[in-house]
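Student: My questions all concern the structure below.
The values are calculated or read from the model by the stated rules, or taken from the named source; none is laboratory data. Treat the numbers as computed from the prediction; the structure is a model and nothing was measured. Here the Cβ positions follow ideal geometry from the backbone for every residue, glycine too, while neighbour counts run over all protein chains shown. Note: areas computed on protein heavy atoms with side chains; ligands, DNA, RNA excluded. Shrake-Rupley method; radii C 1.70, N 1.55, O 1.52, S 1.80 Å.
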Amino acid sequence: AVKLERSPKLIISLLGILKAGAAYLPVDPEHPVDRIAFMLNDSGARFMFTDRAKDTTFTSSVKTLEVEQVWSALENHSGQSVPLTATGDDLAYLLYTSGSTGKPKGVLIEHHSITNLMLSLQKTPGIQSSDRFLASTTISFDIAGVEMYLPLISGASIVLAETNDIKDGRLLLELIEKQKVSIVQATPSSWRILVEAGLKPNPELKAFCGGEQFPADLADRMLGICGPVWNMYGPTETTVYSIIKQLTPAEKSTTIGKPVNNTEVYLLDIYGHQVGAGATGEICIAGAGLARGYLNRPELTGESFVSNVFIK
């Protein structure tokens, strides 16, 4: 488990865990104590990396590692790179959903799934080594992975917003302008806050919008302020984003576009049959982004993760 304040040590810690072949459980320090205790106990986490080692307000058998103590001991270790042991089928992270339909569900994401997404987004919408990507999302929300890993694999820069910045639209706006941020990813709610706070027109600013339904009026306003505006869609269970689309001023509604690489999307009726063109159906997603399932929830996994009968 990783329960750290927003700093470079947070990103370094996640990369270290992945490189060691372990998996991380992101924990937002701002989350309620009961939720944190549930995630630690349900996940069976053995360690918790934290900068609040004296926080004992919840009960768990997890062993606490204080980041400052670990950092101070680094000089006693070799600076040489450790051999990579993780494979594509190994677990990369365990992320709990909001629990809106009951207790939170732990979603198991493997290395190959997050790698596939990063390599796909690297091409479309695209990122250059000269880009500066704002990282303002809590690590307990899966889109945070895009803000951290996409710039790093592309030689671009991360502009890491501190906790106070992400709570105040004006401070976040100042950070975007001062640091010459070129890519911002946010939910429609957060984009509306930025727009209302006075986001200045910038044709060089690429906008990623996901996590919620994208209102047409907001999309229209953003198209007059930002450069490319992308609607990004996907549930946690299919690794952040599965379907993306660049919006244009000519559109009267915000549609979600086409799948990312190595992903298939089907529209099915209540009998599991594909619907015809123009008909309404349930979105079903298959491919490289599919999670391993839900932790310790075999029945729920069986209901949501079904066999793909369309692959021969």
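Student: Hey, can you find the accessible area per residue of the range 1-40 for me, probe 1.4 Å, expressed in square angstrom?
Tutor: Per residue, the range 1-40 has an accessible area of 38 Å².
Student: Just to confirm the filter: which GluC sites (Glu not before Pro) across the range 229-280 are DSSP coil and have at most 14 other Cβ within 10 angstrom of their Cβ?
Tutor: Loop-located and lightly packed - E251.
Student: Per the 1.4 Å probe, what fraction of the accessible area of the chain, in percent, lies on carbon and sulfur atoms? Display every interim value, and only then the final one.
Tutor: Numbers: 8540 of 16240 Å².
Solvent-exposed carbon and sulfur of the chain make up 53 percent of the total.
Student: Still on this structure, please answer the following. How much net charge surrounds F38 when only other residues with a Cβ under 15 Å from its Cβ are counted (Lys, Arg +1; Asp, Glu -1)?
Tutor: Surrounding charge for F38 is +2.
Student: Further, regarding this structure: So what's the projected area for the chain, the Cα convex hull averaged over all directions, in nm²?
Tutor: For the chain, averaging the hull's shadow over all directions gives 18.1 nm².
Student: Continuing with the same structure: Let a ≥ b ≥ c be the square roots of the eigenvalues of the Cα gyration tensor of the range 240-285; is it rounded (a/c under 1.5), or, if not, prolate (a/b larger than b/c) or oblate?
Tutor: Verdict is oblate for the range 240-285.
Student: Still on this model: Accessible area per residue of the range 70-222 at 1.4 Å probe, in Å²?
Tutor: 49 Å²
Student: How large is Rg over Rh for the range 187-310, taking Rg from the Cα atoms and Rh as the Kirkwood inverse mean of 1/r across Cα pairs? Provide the component values of the computation, followed by the final result.
Tutor: Values: Rg = 17.0 Å, Rh = 16.3 Å.
Ratio of gyration radius to Kirkwood radius for the range 187-310: 1.04.
Student: Helix-derived [θ] at 222 nm for the chain: sum -39500 (n - 2.57) over DSSP H runs of at least 4, divide by residue count, nearest 500?
Tutor: -8000 deg cm²/dmol
Student: What is the distance in Å between the Cα centroid of the range 152-179 and that of the range 180-228?
Tutor: Taking the Cα centre of the range 180-228 as reference, the centre of the range 152-179 is 14 Å away.
Student: Mean 1/r over all different Cα pairs, inverted: what Kirkwood radius does the range 1-123 give, in Å?
Tutor: Computed over the range 1-123, the radius equals 15.8 Å.
Student: Ok, one more. Quick check on the range 55-146: take the gyration tensor over C-alpha atoms, sort the square-rooted eigenvalues as a ≥ b ≥ c, and tell me if it's rounded (a/c under 1.5), prolate or oblate.
Tutor: oblate
Student: Please report the Cα spread of the range 178-253 along all three principal axes, rounded to whole Å, starting with the longest.
Tutor: On the principal axes, the range 178-253 reaches 35, 31, 19 Å in Cα extent.
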